[in-house]
Amino acid sequence: MALAEGNAVAASAPADEESEPPPPAAVPGAAAAATSSSAARPARLPLARVKALVKADPDVSLASQEAIFILARAAELFVETIAKDAYIYAQQGKRKTLQRKDLDNAIEAIDEFAFLEGTLD
């Protein structure tokens, strides 16, 4: 019942906001563009390859399909994050192509990537 009341409030909210211009984040095209690539394909990494990598670990005896999907998604988010952070360094060097030194700079500068220090040597 509370859910139905919440939906009724949400449904009436846009009528009140019509007099004001929508904020930039509420522009329909921007949200659709951000979610369309992930909505078309739930995982970008091939799940069979991720499963093969998981099975290669001798400590793992069994992994569910959900676990494989979550690991693939986590890897995608990690690659996206480090690539975005490294791209900032490429832009500082007035380049559009990432180079190894950009990854090295991102790893050194950002605490989240401290566990990677020394791995690209």
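The values are calculated or read from the model by the stated rules, or taken from the named source; none is laboratory data. Quick caveat, the model's predicted, so the values are computed rather than measured. Cβ placement follows ideal geometry from the backbone for every residue including glycine, while neighbour counts extend to all protein chains displayed. Only protein heavy atoms, including side chains, enter the accessible area calculation; ligands, DNA and RNA are left aside. Shrake-Rupley method; radii C 1.70, N 1.55, O 1.52, S 1.80 Å.
How about the stretch 89-106: which of its residues are more than 27 Å from Leu47 (Cα to Cα), open to solvent by less than 80 Å² (accessible area, probe 1.4 Å) and of a type outside the set (Asp, Glu)?
Passing the criteria: Tyr89, Ala90, Gly93, Arg95, Gln99, Asn105, Ala106.
Every residue in the stretch 107-119 that is open to solvent by 70 Å² or more (accessible area, probe 1.4 Å) and either over 21 Å from the mean Cα position of the chain (by Cα) or within 19 Å of Ala75 (Cβ to Cβ) (or both), please.
Of everything in the stretch 107-119, those that are open to solvent by 70 Å² or more (accessible area, probe 1.4 Å) and either over 21 Å from the mean Cα position of the chain (by Cα) or within 19 Å of Ala75 (Cβ to Cβ) (or both) turn out to be Glu108, Glu112, Phe115, Glu117, Thr119.
If Glu76 meets every condition in (1) open to solvent by 60 Å² or more (accessible area, probe 1.4 Å); (2) under 16 Å from the mean Cα position of the chain (by Cα) apart from one, which number is that one?
(1) is the only condition that Glu76 fails.
Looking at Lys84, Lys55 in this structure, which one is surrounded by 10 or more Cβ atoms within 10 Å (Cβ to Cβ) and more than 20 Å from the chain's Cα centre (by Cα)?
Result of the check over Lys84, Lys55: Lys55.
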